[in-house]
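**Q** Just passing along the structure, written as structure tokens.
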């Protein structure tokens with residue numbers, strides 16, 4: 001086939017597609033590099049032997065069912081498992097209100113497809129999941145960033161932004177990347193606002209299972225938020241190579257999502273579903289979870305401890321109760337993007353926070369249709385250029401200590417450089 | 001969660017989603033029913049034991065790689081396998097020009113997403129794959145049906161429709177459902193037309209491996225059609241439960257599809273890819289194929305033989321050289337949709353052809369934006385209401401004989417009823 005440089009036009013939305021913020025560990029082949037950028041969990045602790053055993057049992061027991069495509073919505077037993085799991089969290093849905101998907105990204109893509117017209121107002125936390133921004137981007141919504149604290153969206157900002165919004169995308173616990181977690185009181189305030197203004201709520205609890213200190217409280221849907229779905233994943237930590245997730249909630253929306261799924265993808269892999277179900281029902285999963293929690297708790301503690309010891313004044317960070325990330329805020333005179341290269345040369349990979357913030361370099365609509373409702377509040381409207389996501393997913397405690405130490409040195413140097421800069425530069429800095 | 005009937009608005013494209021033409025064998029629980037409607041292959045002949053063995057080997061050898069997500073484009077070894085496979089068919093692409101997907105539906109969805117704006121002209125065969133129509137529908141293209149014979153699109157019609165078209169979706173061999181297969185001469189004519197008018201070619205060869213009499217000749221891209229991709233599947237027959245497919249061709253398009261895939265889905269299941277690769281490299285696959293061909297050849301022959309013996313005059317059908325379907329054309333006085341109920345009551349499930357034809361009930365844009373370029377040719381413009389797809393995928397030869405016999409009785413009765421109808425009715429009929 002001849003390769004011709006000029007080609008026929010593509011769809012306008014093709015220009016809205018962007019590469020991921022992090023390219024995964026495979027992209028980093030630097031000797032001795034500490035990877036604090038990537039979110040991919042370690043294979044360490046994954047129950048490989050149990051998985052092989054489960055596969056053998058499933059194929060031996062009902063090969064016919066496992067080798068043929070199952071129902072479009074997912075096998076009934078797995079949907080029932082999800083419904084029972086949600087019941088335990090106070091959310092009452094029938095198995096018919098559960099759709100099995102190929103994981104969170106597919107869930108979010110389908111939600112974007114079914115709910116978002118071009119320029120539909122879409123509320124997101126600041127910061128929010130870069131994967132969610134990328135999934136929604138091709139549908140060209142108008143992203144509206146919500147002011148947040150460590151408990152999630154500020155109630156007043158949320159209530160003010162809701163009228164006319166098409167969708168609110170909320171991570172109710174251990175939000176990626178800032179580990180915002182709704183308290184019961186905050187959750188009640190947000191639910192009250194949602195009852196006032198009709199809007200589709202997409203509640204992402206992909207990280208709920210990744211609590212490190214204590215399990216999380218009930219989310220927004222479980223507290224009575226109308227019109228919405230919860231998005232969950234089986235793959236986040238235990239089965240990253242077997243991509244399966246689910247959406248559960250509003251029957252009207254699940255029905256449409258099921259149609260969209262069926263048009264855009266074959267039924268979820270039957271074999272994987274049966275194997276997963278075998279694992280969920282057996283002791284392997286429950287057995288593996290405490291070990292995994294211990295691994296990530298040790299890593300988080302190592303990171304927090306290293307940050308405390310090495311970071312200069314003026315740097316602040318979150319203390320996540322779950323998830324895989326610490327969210328750093330650098331002095332406002334620094335641009336995290338400019339630290340990536342120096343950090344890499346010192347042997348540590350970090351991820352600037354821009355990709356997690358609407359309006360920043362990672363804005364899902366790339367500035368084409370973003371409009372901040374708080375434009376009179378320059379602080380909130382400005383893209384966060386001085387933030388960094390540090391991941392404790394893949395590096396062990398000792399490597400984390402080394403990586404944080406290296407990055408702290410880079411930050412110190414950068415602060416010193418800025419403080420030596422002439423006044424003209426400082427003028428620019430004070431606005432940043 | 002309370003279920004409230006009224007809900008906030010969804011995206012406009014949500015109204016373009018339709019259920020599949022066939023609901024799969026699970027929907028049919030009628031005792032003694034012969035299923036000639038569904039396309040799902042039999043589990044019969046699937047190498048279950050080999051699959052379990054391959055999974056055990058893969059997990060034993062490199063559990064880490066198999067349990068973590070692989071690269072977004074698919075694992076390199078599998079992409080290299082596809083490139084070598086295509087090389088054998090005369091299509092020269094590098095592994096970088098191959099994208100592994102979750103199967104044909106995802107391939108087509110991504111192509112729609114990246115290439116189709118609302119009202120983009122999209123050329124399709126008449127009839128064409130209902131799955132393709134459903135995958136493209138949410139992107140609201142303007143479907144343009146191409147006049148075809150058993151060798152595919154008529155060259156003159158194709159050349160006339162090409163200027164201004166955004167995409168041409170062509171199944172070059174054993175097209176679903178009518179088993180159209182390009183001859184070398186026809187293929188050369190279509191390639192010449194594509195070289196004249198720039199248009200993205202999407203060549204679907206999902207059924208190429210399902211030849212029953214003889215392997216197929218090279219397709220359009222292999223003969224030099226510019227600007228296009230080939231869409232293939234590993235799942236059609238051998239691995240229907242493990243959904244994996246690929247798109248290969250234009251580097252510029254593959255790059256965009258990879259971005260779209262990465263935004264909308266996690267990397268293709270690593271474990272499944274390694275297991276598939278293990279199967280592709282081993283003897284199990286090559287060993288299973290001749291047996292599967294024999295099974296489907298026997299069923300096809302049984303169906304053709306039964307049709308010849310039972311169908312009344314005025315009914316014609318295809319003689320497929322591959323694939324899983326016979327395409328029936330009933331007398332023009334009959335509406336296939338009206339025969340579904342009577343056939344079901346006699347114990348046979350059939351699928352009316354409307355879902356495979358743009359402009360008919362199954363039109364992917366549901367009449368909202370369909371516009372036939374041959375509107376002056378009433379014959380070509382009319383939706384095909386008198387067609388039926390009969391599948392020999394899931395029923396054995398004896399059941400097929402029984403099913404065809406039953407359906408033939410229904411057709412005979414319908415013809416008799418119409419011929420006894422008063423003149424007023426006949427007037428309506430002659431226009432049908």
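**Q** Considering only the stretch A:151-180, state which residues are over 22 Å from residue A:111 (Cβ atoms) and either buried (at least 20 other Cβ atoms within 10 Å of the Cβ) or in contact with a strand residue (DSSP E or B) (Cβ under 8 Å, 6 or more places away or on another chain) (or both).
**A** Taking the stretch A:151-180 first, the residues over 22 Å from residue A:111 (Cβ atoms) are A:151, A:154-157, A:159-160, A:179.
Within the stretch A:151-180, A:154, A:157, A:179 meet the criteria.
**Q** Something else: Would you check if residue A:111 is part of a strand (DSSP E or B), touching a strand residue (DSSP E or B) at 6+ places or on another chain (Cβ under 6 Å) and touching a residue at least 40 places away in the same chain (Cβ under 8 Å)?
**A** Values: part of a strand (DSSP E or B): no; touching a strand residue (DSSP E or B) at 6+ places or on another chain (Cβ under 6 Å): yes; touching a residue at least 40 places away in the same chain (Cβ under 8 Å): yes.
No.
**Q** Examine the stretch B:104-113 for a residue that is modelled with pLDDT under 95, more than 14 Å from chain A (Cβ to nearest Cβ) and crowded, with 24+ Cβ neighbours inside 10 Å, and state whether such a residue exists. Give the derivation first.
**A** Step one: list which residues in the stretch B:104-113 are modelled with pLDDT under 95, which gives B:104-105.
Filter once more, so that each one left must be more than 14 Å from chain A (Cβ to nearest Cβ): none.
No: the stretch B:104-113 contains no residue that is modelled with pLDDT under 95, more than 14 Å from chain A (Cβ to nearest Cβ) and crowded, with 24+ Cβ neighbours inside 10 Å.
**Q** Could you check residue A:261 against (1) at pLDDT below 95; (2) under 30 Å from residue B:103 (Cα atoms) and say which number it fails?
**A** (1)
**Q** Of the residues A:137, A:159, A:132, A:165, only one is more than 16 Å from residue A:201 (Cα to Cα) and in contact (Cβ under 8 Å) with a residue 12 or more places away in the chain; which?
**A** Values: A:159 fails: more than 16 Å from residue A:201 (Cα to Cα); A:132 fails: more than 16 Å from residue A:201 (Cα to Cα); A:165 fails: more than 16 Å from residue A:201 (Cα to Cα).
Of the residues listed, the single one that is more than 16 Å from residue A:201 (Cα to Cα) and in contact (Cβ under 8 Å) with a residue 12 or more places away in the chain is A:137.
**Q** Here's a follow-up. Assuming residue B:191 fulfils every condition listed in (1) at pLDDT 95 or above; (2) under 29 Å from residue A:259 (Cβ atoms); (3) within 14 Å of another protein chain (Cβ to nearest Cβ) apart from one, which condition is it?
**A** Only one criterion is unmet by residue B:191, namely (2).
**Q** In addition: Hey, does the stretch A:331-343 have a residue that's touching a strand residue (DSSP E or B) at 6+ places or on another chain (Cβ under 7 Å), farther than 12 Å from residue A:410 by Cα and modelled with pLDDT under 95?
**A** yes
**Q** Sticking with this one: Can you pull out every residue in the stretch B:214-228 that is closer than 15 Å to residue B:173 by Cα and at pLDDT 95 or above? Before you say what the answer is, go through the steps one by one.
**A** If we filter the stretch B:214-228 for residues that are closer than 15 Å to residue B:173 by Cα, which is where we start, we get B:214-223.
Selection gives B:220, B:221, B:222, B:223.
**Q** Sticking with this one: Tally up the residues in the stretch B:132-150 that are modelled with pLDDT of 95 or more and surrounded by fewer than 22 Cβ atoms within 10 Å (Cβ to Cβ), please.
**A** Matching residues across the stretch B:132-150 total 0.
**Q** Let me ask something else. Taking residue B:248 as the residue in question, decide whether it is modelled with pLDDT of 95 or more and facing chain A (nearest Cβ under 7 Å). Step through it out loud before you land on a result.
**A** Numbers: modelled with pLDDT of 95 or more: yes; facing chain A (nearest Cβ under 7 Å): no.
Considered against the rule, which asks whether it is modelled with pLDDT of 95 or more and facing chain A (nearest Cβ under 7 Å), residue B:248 comes out as no.
**Q** Scan the stretch A:51-87 for residues that are modelled with pLDDT of 80 or more, more than 8 Å from chain B (Cβ to nearest Cβ) and either farther than 18 Å from residue A:245 by Cα or assigned to a helix (DSSP H, G or I) (or both) and report the count.
**A** Residues that pass the stated criteria total 17.
To keep it simple, each residue is scored yes or no on (1) in the same structural domain as residue A:294 (by TED's automatic domain parsing); (2) more than 23 Å from residue A:358 (Cα to Cα); (3) out of contact with any helix residue (DSSP H, G or I) (no Cβ under 9 Å at 6 or more places or on another chain); (4) buried (at least 21 other Cβ atoms within 10 Å of the Cβ).
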residue: A:182; (1), (2), (3), (4): no, no, no, yes
residue: A:204; (1), (2), (3), (4): no, no, no, yes
residue: A:217; (1), (2), (3), (4): no, yes, no, no
residue: A:235; (1), (2), (3), (4): no, yes, no, yes
residue: A:240; (1), (2), (3), (4): no, yes, no, yes
residue: A:250; (1), (2), (3), (4): no, yes, no, yes
residue: A:262; (1), (2), (3), (4): no, yes, no, yes
residue: A:270; (1), (2), (3), (4): no, yes, no, yes
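**Q** If you go through the stretch B:17-34 one residue at a time, how many are at pLDDT 85 or above and either within 9 Å of chain A (Cβ to nearest Cβ) or assigned to a loop (DSSP other than H, G, I, E, B) (or both)? Lay out the reasoning, then the answer.
**A** Taking the stretch B:17-34 first, the residues at pLDDT 85 or above are B:17, B:32-34.
Add one more test, that the residue is either within 9 Å of chain A (Cβ to nearest Cβ) or assigned to a loop (DSSP other than H, G, I, E, B) (or both), and what stays is B:17, B:32-33.
So the count comes out to 3.
**Q** Just to be sure before I move on: is residue A:166 more than 29 Å from residue B:260 (Cβ to Cβ), in the same structural domain as residue A:276 (by TED's automatic domain parsing) and modelled with pLDDT of 95 or more in the structure I sent? Even if it seems obvious, please write down each step before you answer.
**A** Details: more than 29 Å from residue B:260 (Cβ to Cβ): no; in the same structural domain as residue A:276 (by TED's automatic domain parsing): yes; modelled with pLDDT of 95 or more: yes.
No; evaluated as a whole, the condition is false for this residue.
**Q** Moving on to the next point. Kindly evaluate residue A:237 against the criterion of being under 22 Å from the mean Cα position of the chain (by Cα), within 14 Å of another protein chain (Cβ to nearest Cβ) and modelled with pLDDT of 85 or more. Spell out how you get there, then give the answer.
**A** Details: under 22 Å from the mean Cα position of the chain (by Cα): yes; within 14 Å of another protein chain (Cβ to nearest Cβ): yes; modelled with pLDDT of 85 or more: no.
It is false that residue A:237 is under 22 Å from the mean Cα position of the chain (by Cα), within 14 Å of another protein chain (Cβ to nearest Cβ) and modelled with pLDDT of 85 or more.
**Q** Still on this structure, please answer the following. Applying the selection to the stretch A:159-180, what residues are in a loop (DSSP other than H, G, I, E, B) and touching a helix residue (DSSP H, G or I) at 6+ places or on another chain (Cβ under 9 Å)?
**A** Hits for the stretch A:159-180 are A:162, A:163, A:166, A:172, A:173, A:174, A:176, A:177, A:178.
**Q** From the list A:100, A:93, pick out the single residue that is at pLDDT 95 or above, touching a strand residue (DSSP E or B) at 6+ places or on another chain (Cβ under 9 Å) and within 9 Å of chain B (Cβ to nearest Cβ).
**A** Working: A:100 fails: within 9 Å of chain B (Cβ to nearest Cβ).
The unique qualifying residue is A:93.
**Q** OK, next. Of all residues in the stretch B:114-158, which are within 10 Å of chain A (Cβ to nearest Cβ), more than 15 Å from the chain's Cα centre (by Cα) and either in a helix (DSSP H, G or I) or under 30 Å from residue B:71 (Cα atoms) (or both)?
**A** Within the stretch B:114-158, B:114, B:115, B:116, B:117, B:138, B:139 meet the criteria.
The values are calculated or read from the model by the stated rules, or taken from the named source; none is laboratory data. These figures come from a predicted structure and were not determined experimentally. With ideal geometry, Cβ positions are generated from the backbone for all residues, glycine too; neighbour counts draw on all protein chains shown.
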